[in-house]
Ligand code: 4AD
Ligand code: MG
């Protein structure tokens, strides 16, 4: 008999009432009371199904009832709708096949495990309710992003992973080489990268933006969405060495239209996930963060704040609050400052814009005051920076002058500069930290728990 998936049954079970069906899955729990046994079977869908096993109805009762948690089964039986019970239906087994036994050391024996314990078993933890919910939401949120941009005529660009340019200029790149590190070729006392695979020094990308912009000037609106890498020595709950970034780029678009797009996108993804993953969201709201659903609803319903960096500094200075890091115009805001603004002053997401040019990347548009650039970060309660973006410097002369100040070679960035020589225009873009978005959506507070196999400084498994 053809197997039915539990996700499909969730919508259609009523039509199978009293009929025989087949399901497959793994046992989350097995309870044997001699003549009757109960198996909570899960096939990957968040909600499992109760299998009722009666000794006189199945030939291999003892074989099945003695299996351990984690083993897999094919179950054929009669579906019975149970309106009074917690679960809407159960399956009364007539035939059960043990597909794969589970060893006694299967780590998810108990019903509840700490998130820290689960972190030590990355290959198994997706079978727990918590990580099953988080990783499904990761998948659904990624789909929502594609849907959002697809509906708005954006073209999805696959930017390269290996690159010769440092987009953010922070020097936090993982070098890629095939040179023998124990026997490096030297020229004039330095490593001779002419001998390396690409004939020059290259690294894993920190952002797809620079390679994307030329494509934006071909299609008008693009986005890239893929892995990015940062050798940032930040051992925090919000930094990973490998993470996914989603970067839209729009021609004929200024900083205000950019913020409109960001706000619409964030609200769209939240709404989509709340609708498609209601069971998972309810679970997270109950066990991870009791204010989650309420908070997300508020975000969808209210307008985000838009604030200049200079005004934010004023607010921080006048707050009378003692911050660990001194506040003065020109500083890169620390997490304590960002949290104060979003969590205590505005109590909602805040677009912070027009930052001092010294603390931002070379490609951002210089404002008329000569001091600031048209950068905009979206700061959100509980997370801090969720999105970083800007209007781009579209004026060739200004871009070249800033690149010179930053010590960047024109030759290396020619592919990028050309966009300003052939039909330049006001354009803007941003980068969403995808893991931070998942933290925001799930209430999970550590980035290690929203990445499948996390890569953070000093730690790698699998
Ligand atoms: O602000 P960032 O550095 O911006 C850029 O890379 C731009 N080139 C994006 C663009 O305009 N196309 O990074 C963008 C976002 C941050 O706001 C943050 O959410 C996330 O990427 N991010 C990280 N997430 C996890 N771990 C890290 N180490 C991260 N560094 C940045
Ligand atoms: Mg940033």
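Kirkwood analysis of the stretch 336-452, using all unique Cα-Cα pairs, places the hydrodynamic radius at 16.0 Å. Taking a ≥ b ≥ c as the square roots of the Cα gyration tensor eigenvalues, with a/c under 1.5 meaning rounded and otherwise prolate when a/b beats b/c, else oblate, which class fits the stretch 108-201? Verdict is oblate for the stretch 108-201. Dividing the Cα radius of gyration of the stretch 150-286 by 2.2 N^0.38 Å, with N the residue count, gives 1.38. Expressed in nm to one decimal, what extension gain is obtained for the pair residue 29 and residue 201 from 0.36 nm per residue of sequence separation less their Cα-Cα distance? Full-extension gain reported as 56.5 nm. Based on Cα contacts under 8 Å between residues 6+ apart, the stretch 419-462 shows a relative contact order of 20 percent. Computed with the Debye formula from one identical point scatterer per Cα of the stretch 337-404, without solvent, the log10 of I(q)/I(0) at q = 0.13, 0.26 Å⁻¹ comes to -0.41, -1.02. What the Cα convex hull of the stretch 77-234 gives, in volume per residue, is 269 Å³. Debye-formula intensities of the stretch 414-457, expressed as log10 I(q)/I(0) at q = 0.16, 0.27 Å⁻¹, are -0.60, -0.99 (one equal scatterer per alpha-carbon, no solvent). Computed from the C-beta positions of residue 15 and residue 94, the FRET efficiency with R₀ = 25 Å rounds to 0.80. Per-residue Cβ neighbour counts within 10 Å put 26, 244, 329 in the sequence 329, 244, 26, beginning with the fewest. Across the stretch 1-127, the convex hull enclosing all Cα atoms gives 118 Å³ per residue. Note on 215, 9, 53, 396: ascending count of other Cβ atoms within 10 Å places them as 396, 215, 9, 53, the fewest first. Once the chain from residue 178 to residue 317 is taken as fully extended at 0.36 nm per residue, the excess over their C-alpha distance is 45.0 nm. Would you kindly give the portion of the calculated P(r) for the stretch 250-361 that falls above 24 Å, as a percent of all Cα pairs? Percentage above 24 Å: 41.
Taking the three principal axes of the alpha carbon atoms in the stretch 198-268, the coordinate ranges are 37, 34, 17 Å, sorted in descending order.
Measuring nothing but how far apart in sequence close Cα pairs (under 8 Å, 6+ apart) lie, relative to its length, the stretch 88-221 scores a relative contact order of 23 percent. In the chain, the calculated helix contribution to ellipticity at 222 nm averages -8500 deg cm²/dmol per residue, counting -39,500 (n - 2.57) for every DSSP H run with n ≥ 4. The mean sequence separation of alpha-carbon pairs under 8 Å and at least six residues apart, normalised by the residue count of the chain, gives a relative contact order of 13 percent. Given R0 = 25 Å, the distance between the Cβ atoms of residue 264 and residue 218 translates into a calculated FRET efficiency of 0.55. Kindly provide log₁₀ I(q)/I(0) values, in the same order as q = 0.09, 0.10, 0.12 Å⁻¹, from the Debye equation applied to equal alpha-carbon scatterers of the chain. Results for the chain at q = 0.09, 0.10, 0.12 Å⁻¹ read -0.73, -0.85, -1.08. Listed by Cβ neighbour count within 10 Å, with the fewest neighbours leading, 337, 146 appear as 146, 337. Extension gain for residue 55 to residue 405 (0.36 nm times residue separation, less C-alpha to C-alpha distance): 117.9 nm.
Laboratory data are not the source of any read-out in this text; all were calculated from the coordinates shown. Quick caveat: nothing in here was measured; it's all calculated off a predicted structure. Counting neighbours? That spans all protein chains shown, and the Cβs are built from the backbone with ideal geometry, glycine included.
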